[in-house]
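Inspection log for the structure reproduced underneath, given as structure tokens.
The values are calculated or read from the model by the stated rules, or taken from the named source; none is laboratory data. Note that this is a predicted model, so its numbers are computed, not measured. Virtual Cβ from ideal backbone geometry, glycine too; neighbours counted across all protein chains shown. Just the protein is used for accessible areas: all its heavy atoms, side chains included, with ligands, DNA and RNA removed. Shrake-Rupley method; radii C 1.70, N 1.55, O 1.52, S 1.80 Å.
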Amino acid sequence: MIGWERAQPPPCVALPLAKRGASLPAAPSRTDTCWPLITMDTLQRVFKGTFVHSTRSCAMEVLEHHILGVGTSGKILFLESDQEQENLLQKWGFEESKIEELSQNEFFMPGMIDTHIHAPQYAFVGSGMDKPLLQWLEFTTFPTEETFSNLDIAENVYRGVVQRTLMNGTTTACYFATIHTDSSLILADIAHQYGQRAFIGKVCMDSNETYPKYIESSEESIFETERFIEAMENKKYNRVKPIITPRFAISCSEKLLNELGDLADKFQLHIQSHISESVDEIAEVMRLFPGYNSYTEVYDRNKLLTSKTVMAHGCHLTDEELSIFRRKGAAISHCPNSNISLCSGHLDVQNVLKQKVKLGLGTDVAGGYSVSMLDAIRKAIETSKIIFMEKQKRKQENKTLDQNEIAQNGIASDLNSVNDTDHDYKVLSNQEAFRLATLGGSEALNIDHITGNFEVNKEFDALLISTAPEIRAHENLFEIPTEDAVQRFLFLGDDRNIKAVYVAGRCVVPFPRND
């Protein structure tokens, strides 16, 4: 999807029902993903009620009194107004008794997509929050990840993180594992067992000056990455795939980065890493790679920026670097909790969207202290408000300086004109944040043809949300307009409001009793 551009969603306008709900022909096959497309399908489940999702033209669309059908392949076969119920009964040949009707306190939303999470760091989530990034890696992260050569430790932690993220509504997760191939394969197997859609990255790092015990050679890293890829291919998981994972430029030699770029191209794989998370990190990258003009160029020249690339953070990327992202079709994972917790910086989401760069949200456990994508939504909105306040403060300071300049010299300075764009800055809305956590995440991971909303022929990855008063997460959501209920769920809800989780039509939460 090189050259992919994203339009800013205008105000929501409901499409005519026949156009919005019409069953569509099967989507064409895609050569840039391993997930199979099934064109022959039969109806498996039918839901009736309220569906809330995002589209390319609408940040949040609320569809009340609708009927959605799911096929045996897990794909959405139809989504239409319940006024079409009789026609649907005849067309698809199902009995009215087959319809599963939601209560007035329930709605479906798409499953949330965590575009950046470190699975082994779930072992110490909420710890080490008093350290900046590089010290946190040295004293907390690397010593813990080193222990994942022990497969029992790995299995225990990985089972916990997959269960917990699913319970919190993460239907797709883009995981960093560790440098250990066998324990990384355990993570893939657990994600598959529980039905979570996932990308699994065996971490690559041949440089670690801060903690030399946690390292691999360039040759070992490439060999083990190929072994990991081949083992994953042999497993033939439908929805769990390998992803090329250089930890970040500081921990990788130029040789390793280049060979990983070759591997990604050879196997047509996704790529993930970190970029421009903190000022100190950027300075260290520039010290280690003096022949490059920017952090982004380090990845780009080594073939690691593609339409299947997602880079975490990007707090300090320049507009010039963002233009490279746009040109390559690469995406950014916005991790606001971690950015704040490790004092790394703030990502200006509105500028990223203005530059037409693909963007999703990430929890970045354990730099971020919450596994919940609801927290990522809230922190993204809060970060946007902080940026707005900072811009307003600068504008007022410049206005004061300008007035002083006039008083002293009778001439106005041009300070105010420099910040004219700040005047138009808009805080990220809850609807836009909702989009980033669902459809935006699928676009960032280049799987928006598979999941992300309730379009016909996409797989049914969904959360059944209940705002019933007996659920004590927030008692004040009873009998209010759907739009208000959704907003309050985004700000006040938690896993207690997530009644069921579906991935590709399969109910994966609640877990089977033997789990």
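Using alpha carbons only, what's the Rg to Rh ratio of segment 85-153 with Rh from Kirkwood? Show your work: numbers first, answer last.
Values: Rg = 24.0 Å, Rh = 17.3 Å.
Rounded to two decimals, Rg/Rh equals 1.39.
Among 451, 263, 291, whose Cα sits farthest toward the positive end of the charge dipole of the chain (+1 at Cβ of Lys/Arg, -1 at Cβ of Asp/Glu, about the Cα centre)?
Farthest towards the positive end: 451.
What ratio of Cα Rg to 2.2 N^0.38 Å holds for segment 112-380?
Numbers: Rg = 16.7 Å, N = 269, 2.2 N^0.38 = 18.4 Å.
Against the empirical 2.2 N^0.38 Å value, I get 0.90 for segment 112-380.
Could you work out the equivalent-ellipsoid semi-axes for segment 52-91, taking the square root of 5 times each eigenvalue of the Cα gyration tensor, largest first, in whole Å? If you can, show how the numbers build up before the last one.
Numbers: eigenvalues 87, 43, 9 Å².
Largest first, segment 52-91 gives 21, 15, 7 Å.
If you roll a 1.4 Å probe over the chain with all protein chains in place, what percent of the accessible area is carbon or sulfur?
Numbers: 10680 of 21160 Å².
Within the chain, the accessible surface is 50 percent carbon and sulfur.
Tabulate in residue order the Karplus-calculated ³J(HN,Hα) for segment 293-300, using 6.51 cos²θ - 1.76 cosθ + 1.60 with θ = phi - 60°, rounded to whole Hz; enter x for Gly and Pro.
8, 7, 4, 4, 5, 4, 6, 5
Around residue 116, which amide H atoms from residues at least 5 apart in sequence, or from another chain, sit under 5 Å from its own amide H, with H modelled in the peptide plane?
Distant-sequence amide H within range of residue 116: 174, 363, 364.
Assign unit charges at the C-beta atoms only (+1 for Lys and Arg, -1 for Asp and Glu), then state the dipole size of the chain relative to its Cα centre in Debye, rounded to the nearest 20.
Values: 51 positive and 71 negative charges, 164 e Å.
That gives a dipole near 780 debye.
Need one number: % antiparallel among DSSP beta bridges in the chain, to the nearest 5.
Numbers: 27 of 61 bridges.
Of the beta bridges lying entirely in the chain, close to 45 percent run antiparallel.
Using only the alpha-carbon atoms of the chain as identical scatterers, what base-10 log of I(q)/I(0) does the Debye formula give at q = 0.06, 0.09, 0.10 Å⁻¹?
Values, matching the q order: -0.29, -0.63, -0.78.
I need the phi-derived Karplus couplings for segment 239-256: 6.51 cos²θ - 1.76 cosθ + 1.60, θ = phi - 60°, integer Hz, Gly and Pro marked x.
Per-residue couplings from phi come out as 10, 10, 10, x, 9, 5, 9, x, 4, 6, 4, 4, 9, 10, 6, 4, 4, 5 Hz.
Using only the Cα atoms of segment 184-261, construct the convex hull and provide its projected area averaged over every direction, in square nanometres to one decimal.
Working: hull surface 21.3 nm².
Here the figure is 5.3 nm², rounded to one decimal.
Longer than 31 Å from Cα to Cα, which of 131/266; 426/499; 255/391; 131/202; 328/458; 131/391 are they? Say none if no pair is.
Numbers: 131/266 39 Å; 426/499 34 Å; 255/391 41 Å; 131/202 26 Å; 328/458 25 Å; 131/391 27 Å.
As for pairs spanning more than 31 Å Cα to Cα, those are 131/266; 426/499; 255/391.
Please compute the contact order of the chain in relative form: average sequence separation of alpha-carbon pairs under 8 Å and at least six residues apart, divided by the residue count, as a percent.
Numbers: 1077 pairs, mean separation 98.4, N = 515.
For the chain, the relative contact order is 19 percent.
Any idea what diffusion coefficient segment 182-313 gets from Stokes-Einstein, in µm²/s, Kirkwood Rh on alpha carbon pairs, 37 °C, 0.692 mPa s?
Working: Rh = 15.2 Å.
The estimated diffusion coefficient comes to 216 µm²/s.
Calculated from DSSP H runs of 4 or more alone, at -39500 (n - 2.57) each and per residue, what is the 222 nm mean residue ellipticity of the chain, nearest 500? Before the final figure, lay out the partial values.
On the way: 18 runs with 190 residues, N = 515.
Value at 222 nm, helices only, nearest 500: -11000 deg cm²/dmol.
Quick check: convex hull over the Cα atoms of segment 145-222, volume per residue in Å³, rounded to an integer? Walk me through the numbers before you get to the answer.
Values: hull volume 6.9 nm³, N = 78.
Taking the convex hull of the Cα positions in segment 145-222, it is 89 Å³ per residue.
Suppose every Lys and Arg Cβ carries +1 and every Asp and Glu Cβ carries -1, with no other charges. What dipole size does segment 112-380 come out with about its Cα centre, to the nearest 20 debye? If you can, show how the numbers build up before the last one.
Numbers: 26 positive and 34 negative charges, 245 e Å.
Using Cβ point charges on Lys, Arg, Asp and Glu, segment 112-380 gives about 1180 debye.
In percent, how large is the relative contact order of segment 112-380, given Cα pairs closer than 8 Å and 6 or more residues apart? Kindly include the intermediate steps, with their values, before the conclusion.
Details: 562 pairs, mean separation 56.8, N = 269.
That works out to 21 percent.
Using the heavy atoms of the protein chains and a 1.4 angstrom probe, tell me the accessible area per residue for the chain in square angstrom.
Details: 21160 Å² over 515 residues.
Heavy-atom accessible area per residue stands at 41 Å².
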